[in-house]
Structures are given as C-alpha cells and as structure tokens.
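**Q** Have a look at the structure that comes next, please.
The values are calculated or read from the model by the stated rules, or taken from the named source; none is laboratory data. All values reported here derive from a predicted model rather than from experimental measurement. Positions of Cβ are backbone-derived with ideal geometry, glycine not excepted, and every protein chain shown enters the neighbour counts. Accessible surface is based on the protein model in full, side chains and every heavy atom, while ligands, DNA and RNA are left aside. Shrake-Rupley method; radii C 1.70, N 1.55, O 1.52, S 1.80 Å.
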Amino acid sequence: MRTINTGTSAVVFSDVSELPSSVQQLMNKAVEARKKAYAPYSKFCVGVAVLLANNQVILGNNQESAAYPSGMCAERVAIWKASSEHPGVVVKQLVITASSQHNKVSKPVGPCGACRQTLSEYEINQKEPIEVYFMGEVGEVVRTDSLLSLLPFSFDSSYL
Ligand code: THU
C-alpha cells in the first residue's frame with residue numbers, strides 16, 4: 001500500500017480587494033463578460049477572463065439553448081476561444097465570477113467537472129500550471145495554483 005499526495009491546495013481571499021491588483025483587473029473583465037452571458041433559462045450567469053502569456057485577455061460567458069444540454073459553460077467558451085484565436089499560447093490565469101437573478105451568490109463558484117477536465121488538457125499540454133481564481137458575485141475568492149489541484153486523477157491522452 002502507498003499514499004499519493006494529490007497536491008490539492010487553495011488560498012481563500014476574503015474579497016476582491018485582497019487580490020493582487022492585476023487579478024482585480026482581470027476579475028473586473030470577468031464581471032463585464034458575466035453581464036453579457038446568455039442565460040435566459042437558468043438565470044445563472046458566469047463570466048471568465050483568461051490571461052495568456054502574450055498578455056492578451058480572452059473573455060467568455062455561458063451560452064444557453066432552449067435545447068438545454070446544448071448550452072455551454074463560460075469556462076469552456078473562454079478556453080476554446082483562447083485556443084482557437086491563439087493556439088499553443090500558454091494560459092497563465094483563469095478568473096471566474098458567477099451571479100444569479102434569483103439570489104445573491106456569495107459562495108465561490110468553481111468550474112464544473114466537465115470544464116475541469118477540458119481545462120486540464122491545456123495545462124498538461126503547456127507543461128505549466130494555470131492559476132484559477134473563482135468567486136460568486138460578492139464575497140470570498142478562491143485561488144488554486146493549478147488544474148491538477150482542482151482535478152486530481154484526471155483522464156488524459158496517455159490512457160489512449
Ligand atoms: N455554468 C458555467 O458557465 N460554468 C460552470 O462551471 C457551472 C455552470 C453555467 C451553465 C449554465 O448555463 C448555468 O451556469 C447553470 O448551470
């Protein structure tokens with residue numbers, strides 16, 4: 001028998017004002033993206049800002065569909081937009097904010113499992129960790145140092 005350290009670690013900031021100013025700026029952009037989400041069914045809006053190594057910032061938000069499963073999360077919209085416009089450029093940071101028209105979201109909203117899996121592929125390919133920050137509309141912000149922290153034991157191409 002042996003144990004494996006999955007490397008999970010997270011830092012919690014009490015609110016955005018505690019973040020480094022560059023990350024606050026990214027969060028502001030994620031908020032702007034969130035406000036443009038197309039979420040008429042869930043009324044749950046998610047905005048993402050992705051910082052690339054070439055200093056480009058790519059934004060994304062969730063896009064829903066009347067055929068519900070055909071919608072897409074903000075994280076995948078953003079990472080695919082980044083990869084399609086800037087293929088192979090290293091992703092440094094990914095910042096997420098979420099709000100609801102039903103209630104004030106004050107708990108940090110992490111990416112869903114499918115988004116973690118998708119994002120992890122880019123982290124593995126670039127051989128450099130992606131820092132992920134996530135929050136609700138207000139309140140605490142969580143920082144994880146990598147996708148590996150968010151999704152230990154992820155599936156990858158080495159199994160194929
Ligand atoms: N959503 C995201 O955009 N990201 C997540 O990680 C969780 C969920 C979206 C999908 C859907 O449009 C709405 O939030 C409610 O699930």
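**Q** Kindly establish whether residue 110 is within 29 Å of residue 128 (Cα to Cα), more than 9 Å from the ligand (Cβ to nearest atom) and open to solvent by 20 Å² or more (accessible area, probe 1.4 Å). Steps first, answer last, please.
**A** Numbers: within 29 Å of residue 128 (Cα to Cα): yes; more than 9 Å from the ligand (Cβ to nearest atom): no; open to solvent by 20 Å² or more (accessible area, probe 1.4 Å): yes.
So residue 110 does not fit the description; no.
**Q** Being surrounded by fewer than 24 Cβ atoms within 10 Å (Cβ to Cβ) and within 21 Å of residue 125 (Cβ to Cβ) is the filter here, so list the residues in the stretch 45-71 that pass it.
**A** Selection gives 51, 52, 53, 54, 55, 56, 57.
Yes or no, residue by residue, for (1) among the small types (Gly, Ala, Ser); (2) modelled with pLDDT under 95; (3) more than 17 Å from residue 22 (Cα to Cα):
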{"residue": "48", "(1), (2), (3)": "no, no, no"}
{"residue": "53", "(1), (2), (3)": "yes, no, no"}
{"residue": "64", "(1), (2), (3)": "no, no, yes"}
{"residue": "76", "(1), (2), (3)": "no, no, yes"}
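**Q** Considering only the stretch 16-44, state which residues are within 10 Å of residue 61 (Cα to Cα), in a helix (DSSP H, G or I) and either touching a helix residue (DSSP H, G or I) at 6+ places or on another chain (Cβ under 6 Å) or more than 10 Å from the ligand (Cβ to nearest atom) (or both). Walk me through how you get there before you give the answer.
**A** Within the stretch 16-44, the first condition is being within 10 Å of residue 61 (Cα to Cα), and the residues that meet it are 30-39.
Checking the rest, the ones that are also in a helix (DSSP H, G or I) come to 30-35.
If the condition is that a residue be within 10 Å of residue 61 (Cα to Cα), in a helix (DSSP H, G or I) and either touching a helix residue (DSSP H, G or I) at 6+ places or on another chain (Cβ under 6 Å) or more than 10 Å from the ligand (Cβ to nearest atom) (or both), then 30, 31, 32, 33, 35 are the ones that fit.
**Q** Now a separate question. Is it the case that residue 99 is without any contact (Cβ under 8 Å) to a residue 60 or more places away in the chain and outside any loop (DSSP other than H, G, I, E, B)? I'd like the intermediate steps shown before the answer.
**A** Details: without any contact (Cβ under 8 Å) to a residue 60 or more places away in the chain: no; outside any loop (DSSP other than H, G, I, E, B): yes.
Taking the combined requirement at face value, the residue does not satisfy it.
**Q** In the stretch 81-107, which residues are closer than 26 Å to residue 20 by Cα, within 13 Å of the ligand (Cβ to nearest atom) and open to solvent by 30 Å² or more (accessible area, probe 1.4 Å)?
**A** The one that is closer than 26 Å to residue 20 by Cα, within 13 Å of the ligand (Cβ to nearest atom) and open to solvent by 30 Å² or more (accessible area, probe 1.4 Å): 107.
**Q** Is there any pair with a first residue in the stretch 55-73 that is in contact (Cβ under 8 Å) with a residue 40 or more places away in the chain and part of a loop (DSSP other than H, G, I, E, B) and a second that is open to solvent by less than 70 Å² (accessible area, probe 1.4 Å) and not hydroxyl-bearing (Ser, Thr, Tyr) whose Cβ atoms are under 7 Å apart and which are 6 or more apart or on different chains, and what are they?
**A** That search, which allows pairs on different chains as well, returns 73/46; 73/62; 73/112; 73/115.
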